[in-house]
Amino acid sequence: MQRLARNGGTAGLLRWLAGRAGGWAGIARSDGTVLSASGAAPSRPPTAPADAPDAPDVPRLVAEGVRALTERGALAYSHDTGAHTVLLFPLPGPHAPHGEDRGAAPLLAVVTPRPVAPGLATLLADVLMPLSLCRESEAVERKRRRVDLAESRGREAVLHLLMTGQLSIAHQVAGALRPRLPDPVRVCVVECPGDSRDEVARVCAEVDGGRSWIVRCPVYARHLILVMPDGGIATDEAVAALVDRCVVGVSERVPLADTATGYRQAFHALAVAREVPGRHVRFGAAPEPALVVGHAGRQWAEALLTPLLTHVPRRAQDPGSQELAATAASWLAFSSHATDHLKVHRNTLAARLRLIGELLGLDLHRLADQAALDLALRIRATPAPVCTPDPDHANDHANDHASGRHDGGAAPGHANGAAHDLDEVLRRPAVQEWAARQLAPVAGAAEETLRTWLRCEGRLGPTAAELGISVPGARKRLTRLETVLQRSLLRPPSARYDLWLALRARGSAVAEATS
């Protein structure tokens, strides 16, 4: 009995009791509802009358017995039905302290063939306390799991707010949890072996003394996301060393407001870490395209996004502009996994994407339009003061002031004063330098594979067909490109948008030079 209480809990004890009684054992509420049970209804004993039923109606017998026990206020109850006996004992515990209010306590119910085995009633009386303690322990464990789940969802919500740039709300929600949100941070993505994510989370918390925000990734079931304070203990290196088969990618030092950028960097580093012996990689220095587009890029992004950001829903329950922008950013980052990230149904996601495409005049099935929208959203999320200064913009302002113009130098007919298209933005010297750095590691056959893959909208099947190789062969080439480029290509968030923009920038520069 003690062994079962430790290892099998309530279910183990009930199975054992049903076997000892040769019948059925369960826990019933004070209204007769069976909460848990084990064993089958006992069959008719050989000595039973010929007209006796083969098996008793256990729920009916238990309900009748509970009603009789309650009415009589008895401490136990036994009822013979002819071929079977029903035994009922109220469970001790907080529901019935010192015998008070026993009618509200759950009951142990046993249905056994007649005659009742010698000593069975004593055995049932002895098992009441271990059974009650098991139930209380299981109730505490269920409450603990609910608390853990609530905290996990709270941390996930804070991460979501950080990823969408809602910093003040994130601080407010984080105030109820520990630790305080650090700033600046490094974002770390840990890929855990098997189903060890909870154990790895415990190791992470022990290594850095609870200084980092540890969040179970809502998209990838084996990933942990750590928002770590910059400096101090190298938690990422320690975790990679302590946990066998654990893979770790870490971002550069970024402001807390740029957590989304840090996450993308860490995810790209993770793709490289899978291929290196140490299973740990920190993201190499590479500027974000949003930092080098200048004022022209900001004008272009504003013009593109204005229909989305000024959208007013027709009904109160429809998504507003902020929710649609968050949906677009999540889908561009996680593709179909955005349903897990946003906690919405796939039909809801599809409907929102259709609306976003209609508002912006984009075909979101095309990689070109996806890359443009991704760049515009990243520009919008980047504070203007940290962008690369644009000398031409300063000259424009001086000319405007001299001529008395105050419209930002916009050409007539361009929405929101955006006098630039995407190709003009990509021809900026700073963007050209960024594109050259992105494409520097690839050449020859590797560049042809990359171009083909992007031309085929990032789909493996058409890419393999155009290259004349198998789908596994195309996947293997792209996996090697991930190591060369130090970016994730095959799993979202993917670097395909940046690479498409880099190739488009190179093509725009060549076209301008030859025109």
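Residues L17, L123, L75 ordered from highest to lowest accessible area at a 1.4 Å probe: L75, L123, L17.
Indicate the gyration tensor shape class of the range 223-347 (rounded, prolate or oblate), computed on the Cα atoms with a ≥ b ≥ c the square roots of the eigenvalues: a/c under 1.5 is rounded; otherwise a/b larger than b/c is prolate and the rest oblate.
Working: a/c = 2.73, a/b = 1.71, b/c = 1.60.
Note, shape of the range 223-347 comes out prolate.
Quick check on the range 208-286: take the gyration tensor over C-alpha atoms, sort the square-rooted eigenvalues as a ≥ b ≥ c, and tell me if it's rounded (a/c under 1.5), prolate or oblate. Because its axes are fairly even, with a/c under 1.5, the range 208-286 counts as rounded. Shape analysis of the range 148-236 based on the Cα gyration tensor places the equivalent ellipsoid semi-axes at 19, 16, 12 Å, largest first. Just the protein heavy atoms count here, and of the accessible area of the range 281-354 at 1.4 Å, carbon and sulfur take up 54 percent. Among H171, H337, the order of accessible area from largest down is H171, H337, computed with a 1.4 Å probe on protein heavy atoms. In this structure the amide hydrogen of V293, modeled in the peptide plane, comes within under 5 Å of the amide hydrogens of T388, none closer than 5 places in sequence on its chain. Between the C-alpha center of the range 249-315 and that of the range 111-169 there is a gap of 41 Å.
Remark: the range 466-482, residue by residue, has Karplus-estimated 3J(HN,Hα) of 5, 7, x, 10, 6, 4, x, x, 5, 4, 5, 5, 5, 5, 5, 5, 4 Hz, where x stands for each Gly or Pro and the curve is 6.51 cos²θ - 1.76 cosθ + 1.60 at θ = phi - 60°. Near the amide H of H280, within less than 5 Å, lie the amide hydrogens of V248, all on another chain or at least 5 residues away, with H placed in the peptide plane.
The values are calculated or read from the model by the stated rules, or taken from the named source; none is laboratory data. Predicted, not measured: the structure shown is a model, and the values here were computed from it. When the accessible area is computed, the model is the full protein with side chains, heavy atoms only, and any ligands, DNA or RNA have been set aside. Shrake-Rupley method; radii C 1.70, N 1.55, O 1.52, S 1.80 Å.
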